[in-house]
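Note sheet for the following structure.
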Amino acid sequence: MLILFFLALRFVLVAMFVFIVVALFRGAPFMPMPPIVVGKMTALMNVGAGEKLVELGSGDGRLVISLARAGAEVHGYEINPFLVLWSRFNIFRAGVSGKAFIHWADFWRRDVSSFNGVALYGISHIMVKLEKKLTRELKPGSKVVSYVFTFPDWQATQQDGNVYLYEVPGYGSK
């Protein structure tokens with residue numbers, strides 16, 4: 001029985017290591033967002049009823065939950081299956097199961113054109129590629145809120161400390 005425990009523990013540790021390495025190359029490693037930042041991001045999004053938002057790399061679901069409580073339908077894409085399970089539990093515990101959804105998915109392979117806004121806590125090496133993806137897929141005027149890391153060509157329309165709000169530019173503009 002003890003051997004099975006150590007085999008299971010070894011499997012979990014190896015799996016966690018693999019997902020951390022994958023996250024570093026596909027996006028950013030999980031870093032919990034401080035509650036004050038979650039509040040700032042939610043406030044800057046200025047969520048209205050009927051909005052459909054997505055968080056790219058949704059981690060433990062805390063921002064998805066906050067945006068859902070503000071009135072939006074929110075989807076999170078997370079590549080780490082352990083965080084997917086944890087965030088789904090957090091969503092259930094927060095009582096927003098009908099408005100907040102976490103998908104085990106690589107956001108690079110998902111079309112985000114059906115969303116009115118995007119939230120993210122990325123990392124510098126993905127921002128150029130992500131700016132191109134969002135410009136291509138989102139409607140002009142869609143809201144994008146980012147914590148810490150900025151887009152190279154977009155100008156923030158609002159800023160609160162190191163939280164930036166952008167509006168996707170129209171076609172032919174920067």
Review point. Within straight cross-link reach of residue 40, meaning Cα distance under 13 Å, which aspartates and glutamates are found once same-chain residues fewer than 8 apart are removed?
Key: 160
Revision key, fill the gap. With every protein chain kept in place and a 1.4 Å probe, region 43-174 has an accessible area per residue in Å² of 48 Å²
Check your understanding: Hey, what D do you get for region 18-174 in µm²/s if you plug the Kirkwood alpha-carbon radius into Stokes-Einstein at 10 °C and 1.306 mPa s?
Key -> 103 µm²/s
Exercise for review: Mark the label point 7 Å from the Cα of residue 52 along Cα→Cβ and return the residues of region 86-112 whose backbone N is within less than 11 Å of it.
Suggested key: 112
Review point. Taking square-rooted eigenvalues a ≥ b ≥ c of the alpha carbon gyration tensor, is region 82-174 rounded, prolate or oblate, where a/c under 1.5 means rounded and, failing that, a/b exceeding b/c means prolate?
Key: prolate
**Study point:** Partners for residue 99 among lysines (Cα-Cα distance below 16 Å; same-chain residues under 8 apart left out)
**Key:** 52
Exercise for review: First select every other residue whose beta carbon is under 9 angstrom from the beta carbon of residue 45; then total the charges, Lys and Arg +1, Asp and Glu -1.
Suggested key: 0
Check your understanding: Say a paramagnetic label sat at a point 7 Å from the Cα of residue 132, along Cα to Cβ; which residues of region 102-119 have their backbone N under 15 Å from it?
Key -> 108-109
Review point. With every protein chain kept in the model, how would you rank 75, 103 by accessible area, 1.4 Å probe, largest at the top?
Key: 103, 75
Point to revise | Of all accessible heavy-atom area on region 33-174, the percent that carbon and sulfur account for (1.4 Å) | key: 54 percent
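The values are calculated or read from the model by the stated rules, or taken from the named source; none is laboratory data. Treat the numbers as computed from the prediction; the structure is a model and nothing was measured. All Cβ positions, even for glycine, are placed from backbone atoms using ideal geometry, and neighbour counts span all protein chains on display. Calculation scope for accessible area: heavy atoms of the full protein, side chains included, ligands and nucleic acids excluded. Shrake-Rupley method; radii C 1.70, N 1.55, O 1.52, S 1.80 Å.
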